[in-house]
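Novice: Just passing along the structure, written as structure tokens.
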Amino acid sequence: MKAIDRIKRYGLKKYIKVCLHKEPTPELIKKYKEKYGDKIPLEKPERYQVTLWNVTMEDERTGEVVELKSLQSKLHKEHNLERDINEVERRAQARLGGSNWSLVDAEYRGRKFYWIKTDKEKGEEEPRKIIPREQIKEIAEGLKMAGLTPEEIGRAIKEILK
């Protein structure tokens, strides 16, 4: 693993202590901020994860069976398969266009991890929102189906991302 990846995952102060076996002095912190940019985290960022699933859905009315691949759960700190299956089922129903679709089979494909920097020095304790592109696309399609104009959709998505 490269130094920048370790710094992003564990924070600059922890990297200096563990990997360089030194105390994190202001001069050393300044040196690494100049080398890797100001956006590197000083403290350990919060770790979030999404789970990936392949699901098979069946329409209760017609009996049609559809297989969807690579559906993601929402970002969470802790691992909970039951909650993730419920989220993926709702996401698949939204993609297929109704609650008449029921889950037949779900195949777990693994987890993706995200390290989200929290700005503790600025007093902001909550991590910034990360909304996957797929979810933004689904929101935009829903707003379009609701009859909003493109300008109103743009304003609504801008408000969501704040």
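Novice: Just wondering, is there one or more residues in segment 55-73 that are over 30 Å from Ala146 (Cβ atoms) and among the acidic types (Asp, Glu)?
Specialist: The answer is no, given that none of the residues of segment 55-73 is over 30 Å from Ala146 (Cβ atoms) and among the acidic types (Asp, Glu).
Novice: Right, next: Could you grab me the full set of residues in segment 61-70 that are under 22 Å from Gly142 (Cβ atoms) and either at pLDDT 90 or above or among the β-branched types (Val, Ile, Thr) (or both)?
Specialist: Val66, Leu68, Lys69
Novice: Further question on the same structure: Of (1) touching a strand residue (DSSP E or B) at 6+ places or on another chain (Cβ under 8 Å); (2) closer than 18 Å to Ile131 by Cβ; (3) without any contact (Cβ under 8 Å) to a residue 24 or more places away in the chain, Arg90 satisfies all except one. Which?
Specialist: Among (1) touching a strand residue (DSSP E or B) at 6+ places or on another chain (Cβ under 8 Å); (2) closer than 18 Å to Ile131 by Cβ; (3) without any contact (Cβ under 8 Å) to a residue 24 or more places away in the chain, the lone unmet condition for Arg90 is (1).
Novice: Pull up segment 60-79, narrow it to residues that are surrounded by 11 or more Cβ atoms within 10 Å (Cβ to Cβ) and either in contact (Cβ under 8 Å) with a residue 60 or more places away in the chain or over 20 Å from the mean Cα position of the chain (by Cα) (or both), then point me to the one that is nearest to Gln49 (Cα to Cα).
Specialist: Filtering first and then ranking leaves Gln72.
Novice: Inside segment 4-30, can you point out the residues that are surrounded by 12 or more Cβ atoms within 10 Å (Cβ to Cβ), over 20 Å from the mean Cα position of the chain (by Cα) and free of Cβ contacts under 8 Å to residues at least 24 places away in the same chain?
Specialist: Hits for segment 4-30 are Tyr15, Ile16, Lys17, Cys19, Leu20, Pro24, Leu28, Ile29.
Novice: Something else: As an exercise: evaluate Pro45 against (1) within 21 Å of Glu134 (Cβ to Cβ); (2) of a type outside the set (A, V, I, L, M); (3) touching a residue at least 24 places away in the same chain (Cβ under 8 Å) and give the number of the one condition it does not meet.
Specialist: (1)
Novice: Give me the residue from segment 44-59 that is charged (D, E, K, R) and over 20 Å from the mean Cα position of the chain (by Cα) and, out of that set, nearest to Tyr10 (Cα to Cα). Can you show your working first?
Specialist: Residues of segment 44-59 charged (D, E, K, R): 44, 46-47, 58-59.
The next check asks that each one be over 20 Å from the mean Cα position of the chain (by Cα); those that pass are 58-59.
Details: Glu58: 43, Asp59: 46 Å.
For segment 44-59, the residue satisfying everything is Glu58.
Novice: Looking at the structure I just gave you, is Leu42 under 30 Å from Arg6 (Cα atoms), at pLDDT 90 or above and buried (at least 16 other Cβ atoms within 10 Å of the Cβ)? Explain how you work it out, then say what you get.
Specialist: On the way: under 30 Å from Arg6 (Cα atoms): yes; at pLDDT 90 or above: no; buried (at least 16 other Cβ atoms within 10 Å of the Cβ): yes.
No, not satisfied.
The values are calculated or read from the model by the stated rules, or taken from the named source; none is laboratory data. Just so you know, these numbers come straight off a predicted model, no measurement behind them. A quick note on method: Cβ atoms are made from the backbone with ideal geometry, for glycine too, and the neighbour counts reach across all protein chains shown.
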